[in-house]
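Notes follow once the structure below has been shown.
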Amino acid sequence: MGVCCYILQGRPDTDTEDFNEVVNCPAGTRISLPEPSQVTFPLWATATSLSQPAERAHSGTHQVVANGPLPPDAGASGGSGRLRVVWNEPAANSEQVGAINGYVVQRRSRNTDGTWSAWSGTVKAVTDRSHTFTGLADGIYQVRVRAKTDGNDNDPNTTDSKILGTTSTVRTVAVLAASTNLPGAPGGSVAAGAQKLTVTWQRPDPDTGSLVYGYTVRHKVSTAADSTYVETKVYPRPGLASGSVEITGLTANTAYVVQIRSHNANGDSAWITVGTTHTPTT
């Protein structure tokens with residue numbers, strides 16, 4: 001069933017009246033929104049007939065707030081009673097009011113009649129990049145993440161308030177008690193450069209059951225103890241088959257050991273050593 005239009009719904013902070021605008025599909029369509037200091041709206045997609053109930057789009061669904069942080073990249077992995085959500089720091093927004101001081105992580109579940117439950121979630125610290133929902137029943141879930149700020153514009157004549165940023169793309173995942181698999185180990189390679197190493201990996205194959213959501217790369221001087229490993233966690237965009245990360249600030253002409261492992265909602269793969277040793281150049 002094709003999508004023929006979009007409905008923008010929201011409520012401006014400066015008014016208590018909701019607005020509801022229908023936007024047809026042709027490219028270049030524009031709508032006029034109210035002139036509030038801050039507007040929040042979800043994007044809905046309807047089927048061929050406007051008389052049919054609207055359904056949220058599976059992806060690309062955002063709630064947008066003026067002067068708030070931009071959307072973070074977020075991914076999710078469902079396992080046995082668990083839902084793991086990860087995200088990256090949003091890009092800078094020159095119009096953002098206040099500094100980011102945390103993240104709102106939300107989930108909802110699909111009901112048996114095809115509707116969705118209300119969003120619920122938790123607030124994480126500004127340094128956090130992941131959260132795990134546990135004790136979940138089997139089913140289909142959606143998750144989203146948004147940054148929040150303290151709303152401090154440094155103007156003593158205005159009232160400061162918390163401002164929520166644009167939500168990430170909504171991710172839809174399955175939680176199944178039977179999905180207990182740990183991820184396989186990724187493939188990898190290392191290229192040496194001037195005081196750096198570039199580590200490239202390939203997603204484990206087959207990537208079945210609980211999907212891989214991220215990787216950890218660690219390195220140490222080859223002659224040093226294992227306790228000296230330095231770890232770097234990487235959360236790539238969902239669905240990417242490969243990725244890479246640069247390890248910089250290394251000592252030239254010194255041999256390093258590099259290891260990598262993958263993660264899904266159920267846990268971690270074994271560490272694999274990529275090659276033998278790798279020596280940055282000057």
Applying the gyration tensor rule to the Cα atoms of region 63-106 (axes a ≥ b ≥ c; rounded if a/c under 1.5, else prolate if a/b exceeds b/c, else oblate), the class is prolate
Surrounding charge for T127, neighbours by C-beta under 13 angstrom, Lys/Arg +1, Asp/Glu -1, total +1
Full extension between T232 and I272 adds, at 0.36 nm per residue less the Cα distance, a length in nm of 12.9 nm
Env charge @ V234, Cβ radius under 14 Å, K,R +1 / D,E -1, value +1
For region 165-282, shape from the Cα gyration tensor axes a ≥ b ≥ c, cut at a/c of 1.5 then a/b versus b/c, turns out prolate
Mean separation of Cα contacts under 8 Å (at least 6 apart) over the residue count of region 71-179, i.e. the relative contact order in percent, is 37
Which of K148/K220; K196/K233; K148/K196 exceed 25 Å between C-alpha atoms? The answer is K148/K220; K148/K196
Honestly region 95-142 on the Cα gyration tensor test (a ≥ b ≥ c root eigenvalues; a/c under 1.5 rounded, otherwise a/b vs b/c for prolate or oblate) is just oblate
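Bear in mind that the values in this text are calculations on the coordinates, not laboratory data. These numbers were taken from a predicted model, which means no experiment stands behind them. Don't worry about glycine lacking a Cβ; one is built from the backbone with ideal geometry, like all the others, and counts go over all protein chains shown.
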